[in-house]
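This report refers to the structure that appears directly beneath it.
The values are calculated or read from the model by the stated rules, or taken from the named source; none is laboratory data. The structure presented is a predicted model; accordingly, all values stated were derived computationally and were not measured. Counting neighbours? That spans all protein chains shown, and the Cβs are built from the backbone with ideal geometry, glycine included.
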Amino acid sequence: MKTAKAIAAVFLCTQTALATDQLIESQNTLRNGKEWFTTGLRNKNTSLSKYRELTDLVASALALETMNHIQFKNITIETQLAPIAGIEEESPVVLLPVIRSGLSLLPTFLKYYQNAKVGFVGLARDEETAQAHWYYKKLPALSGKEYIIILEPMLATGGTALLVLEELKNSGADMNKIIFVSVVCAPEGIEKINAEFPSVKIITVGVDSHLNDKKFIVPGLGDFGDRYFGTE
Amino acid sequence: MTKLRDKTISRAEFRKTAEQLTNILAQEAMQHLQTESTNLETPLAQTTGLKLANPVVLVPILRSGITMVHSFLHYFQNATIGVVGLKRDEQTAQAHWYYENFPPLSDKHQIIILDPMLATGGTALETLKKLQQHGIPQKKILFVAMVCAPEGLQAVQKEFPDVKIITAAVDEKLNKDKFIIPGLGDFGDRYFGTE
């Protein structure tokens with residue numbers, strides 16, 4: 001019951017104060033478009049190539065949504081006829097895909113953030129000992145000014161997400177400038193990030209019902225990485 | 001290649017150029033794959049065409065190899081992908097595999113290894129050995145790199161003479177830090193901005 005209540009509260013916030021809220025469903029994307037992407041991704045009969053096309057489309061929608069949560073500065077440019085006000089990025093952007101699934105969102109995000117630096121993290125978690133093993137970690141130098149966009153298609157238990165966020169905190173990142181992008185989330189993962197890192201924004205197209213006993217998101221879309229890479 | 005080698009081009013430009021070069025390499029790779037004829041119908045008549053004889057598996061080597069995946073997927077839309085990551089201790093020659101996630105493999109599969117730079121060939125050899133353990137014949141493996149050092153080419157050629165290597169440039173040599181000369185610097189660092 002506690003879970004249901006917390007999520008309801010998050011959604012309520014989303015409606016009233018989008019800009020300051022932690023959980024952002026990609027509302028600026030056409031509702032039907034969003035529904036269409038996730039229908040295809042969730043459908044177990046979707047082919048490998050179609051699944052990848054849909055991943056690119058949903059990544060575009062998510063990338064556009066992240067732009068609403070990044071501060072831009074005002075500049076003046078000239079059209080062929082007159083000067084006009086415009087905007088440009090104020091702070092550098094770092095994209096941080098989580099290996100392996102996060103790699104699938106990277107090419108599309110690089111189209112929107114052409115100058116972004118890219119870091120990579122890869123970690124496996126021993127579910128019995130709860131010890132994390134970092135098998136890969138390569139971050140660009142962080143000054144604390146950067147927006148950091150974490151790419152991880154599925155936010156399930158939130159275990160990996162928390163470890164990555166702790167690592168970023170220790171590396172000098174500004175926790176107010178971190179955006180966590182996922183395709184589908186479980187309420188459990190959202191709550192965990194909410195509890196420990198309330199300033200981190202979560203952008204997603206679907207908040208699902210729950211985790212099953214194997215920690216898979218239900219209804220979810222299966223294992224995102226296995227479906228995208230064809231390793232089922 | 002000229003643009004990629006130029007140290008003054010911006011990160012965005014480097015990425016765009018790398019993508020263009022990858023497209024050329026993917027098209028070249030296609031020329032070396034086995035095809036078979038297939039019957040089909042146009043709206044007007046029966047005709048024959050070509051299709052790939054074997055299912056393709058892309059094997060990008062972390063980190064740089066993943067930059068080539070997206071372009072290759074345009075050409076090989078149904079390819080499965082096996083991601084591998086390894087470090088090689090040059091002194092002990094021991095490979096440490098920190099990541100390995102292959103789709104189902106058999107001798108029917110056509111493998112395309114993606115790694116922008118073939119320098120000493122150490123990583124390439126380890127990956128090839130691993131594929132051999134999975135029962136992949138050498139003839140079914142293409143190695144795609146943007147730039148190669150002669151040392152790496154020789155190493156692969158010696159141990160795996162039937163593996164085809166597709167590349168845009170064969171450079172002069174390796175320097176003492178094992179960087180390709182003239183080369184283009186560290187591909188991963190330039191592409192990802194981790195210099």
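Listing for the model above:
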quantity: Count of region B:6-29 residues which are surrounded by 15 or more Cβ atoms within 10 Å (Cβ to Cβ) and in contact with a strand residue (DSSP E or B) (Cβ under 9 Å, 6 or more places away or on another chain); calculated: 7
quantity: Those residues of region A:102-150 which are charged (D, E, K, R) and within 9 Å of chain B (Cβ to nearest Cβ), in sequence order; calculated: A:Lys117, A:Lys138
quantity: Any strands (runs of 3 or more DSSP E) falling wholly within region B:108-184 and containing at least 2 residues that are crowded, with 19+ Cβ neighbours inside 10 Å and in contact with a Ser or Thr (Cβ under 7 Å, 6 or more places away or on another chain); calculated: B:141-148
quantity: Any chance A:Ser199 is of a type outside the set (A, V, I, L, M, F, W, C), in contact with a helix residue (DSSP H, G or I) (Cβ under 8 Å, 6 or more places away or on another chain), in a loop (DSSP other than H, G, I, E, B) and at pLDDT 90 or above; calculated: yes
quantity: Region B:24-43: number of residues that are at pLDDT 90 or above and either over 17 Å from B:Ile112 (Cβ atoms) or not aliphatic (A, V, I, L, M) (or both); calculated: 12
quantity: Criterion violated by B:Gln91 - all others in (1) surrounded by 13 or more Cβ atoms within 10 Å (Cβ to Cβ); (2) modelled with pLDDT under 95; (3) away from chain A (no Cβ under 14 Å) satisfied; calculated: (1)
quantity: Hits in region B:185-195 - residues which are in a loop (DSSP other than H, G, I, E, B) and of a type outside the set (Gly, Ala, Ser); calculated: B:Asp186, B:Thr194, B:Glu195
quantity: In region A:193-232, the residues that are surrounded by fewer than 17 Cβ atoms within 10 Å (Cβ to Cβ) and over 28 Å from B:Leu105 (Cα atoms); calculated: A:Ala195, A:Glu196, A:Pro198, A:Ser199, A:Ser209, A:His210, A:Asn212, A:Asp213, A:Val218, A:Pro219
quantity: B:Thr80 being surrounded by 19 or more Cβ atoms within 10 Å (Cβ to Cβ), at pLDDT below 95 and either within 15 Å of the chain's Cα centre (by Cα) or away from every other protein chain (no Cβ under 14 Å) (or both); calculated: no
quantity: Every residue from region A:63-101 that is away from chain B (no Cβ under 12 Å), in a strand (DSSP E or B) and either under 24 Å from A:Ala156 (Cα atoms) or charged (D, E, K, R) (or both); calculated: A:Lys73, A:Glu78, A:Glu88, A:Glu89, A:Val98
